[in-house]
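Worksheet: one structure, shown below.
The values are calculated or read from the model by the stated rules, or taken from the named source; none is laboratory data. Keep in mind the model is a prediction, meaning the values are calculated, not measured. Backbone-built Cβ (ideal geometry, glycine too); neighbour counts: all protein chains shown.
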Amino acid sequence: MSNKPANWDQKVLDYVAAVGTHETALMRKLRAETAAMPEANMQIGADQGQFLAFLIKLTGARRALEIGTFTGYSALAVAGALPEDGTLLCCDVSEQWTSIGRRYWREAGLDHKIELRIAPATETLATFEPDSFDFAFIDADKTNYDAYYEACLKLVRPGGVIAIDNVLWSGAVADPAENGESTLALRALNAKIHDDSRIDSCLTTIGDGLTLVRRQR
């Protein structure tokens, strides 16, 4: 989910997309199709897609993992940034939503880089050996974020990066009056990451809050 700051209007967002990203026409088309869906707020913005692609190139990642694929925009951004022999493993439980992504991956000529597994992510992640990935992006059900985080700390190699979306949860994590299940899970994970000696971390205000975690060597 990608929530814009309250003081940003659509003109600012359009400007950022135009001069702050290298979004392709196909990516814009996918964002537009997803925006018409009732679940549109689950889609990341163009700036976040650009940032994920930048991280892939910055870290030299070849093996990437995504937990929560939705309609495939983030996968399109990440796969497009991977080298030709790179791979992206996508975990999701929805055939309906990911079928949209499959169409765009094929049209972009990137489907050969992407493997999609439809199953609970915890089951899929348990099939991989430690240090199997260079990069991971977590953007799925919030109540399982801690489990995904712990799994990724094993699956991402030392020095690899984990990006965790929605860590601000529209500001709810900072409001003591907000105590929904997802809010509590995110608040607890934020505190855990802050004190975790196994990693280096940075919470950014990109989108709805994006935490970057680097597994220490």
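Checked across segment 195-217, the condition of being of a type outside the set (Gly, Ala, Ser) and part of a helix (DSSP H, G or I) holds for no residue. In the set (1) farther than 22 Å from Tyr149 by Cβ; (2) without any contact (Cβ under 8 Å) to a residue 60 or more places away in the chain; (3) buried (at least 16 other Cβ atoms within 10 Å of the Cβ); (4) not small (Gly, Ala, Ser), Glu33 fails one condition alone, (2). Return a yes/no flag: does segment 129-150 have any residue that is of a type in the set (Asp, Glu), under 27 Å from Val16 (Cβ atoms) and either free of Cβ contacts under 8 Å to residues at least 40 places away in the same chain or touching a Leu at 6+ places or on another chain (Cβ under 8 Å) (or both). No: zero hits. Please determine whether any residue of segment 129-152 is in a helix (DSSP H, G or I), in contact with a strand residue (DSSP E or B) (Cβ under 7 Å, 6 or more places away or on another chain) and β-branched (Val, Ile, Thr). No, every residue in segment 129-152 fails to be in a helix (DSSP H, G or I), in contact with a strand residue (DSSP E or B) (Cβ under 7 Å, 6 or more places away or on another chain) and β-branched (Val, Ile, Thr).
Out of curiosity, is Ala140 out of contact with any Gly (no Cβ under 7 Å at 6 or more places or on another chain), among the hydrophobic types (A, V, I, L, M, F, W, C) and at pLDDT 95 or above?
Details: out of contact with any Gly (no Cβ under 7 Å at 6 or more places or on another chain): no; among the hydrophobic types (A, V, I, L, M, F, W, C): yes; at pLDDT 95 or above: yes.
No.
Every condition in (1) assigned to a helix (DSSP H, G or I); (2) more than 14 Å from Glu66 (Cα to Cα); (3) more than 16 Å from the chain's Cα centre (by Cα); (4) of a type outside the set (Phe, Trp, Tyr) is met by Gly159 except one, and the failing one is (1).
When you check Ala177 against the structure, is it of a type in the set (A, V, I, L, M), loosely packed, with under 15 Cβ neighbours inside 10 Å and either modelled with pLDDT of 95 or more or part of a helix (DSSP H, G or I) (or both), yes or no? Give the steps one after another, and end with the answer.
On the way: of a type in the set (A, V, I, L, M): yes; loosely packed, with under 15 Cβ neighbours inside 10 Å: yes; either modelled with pLDDT of 95 or more or part of a helix (DSSP H, G or I) (or both): yes.
Yes, satisfied.
Every test in (1) surrounded by 15 or more Cβ atoms within 10 Å (Cβ to Cβ); (2) farther than 24 Å from Thr183 by Cβ; (3) polar (S, T, N, Q) is passed by Gln10 save one, and that test is (1).
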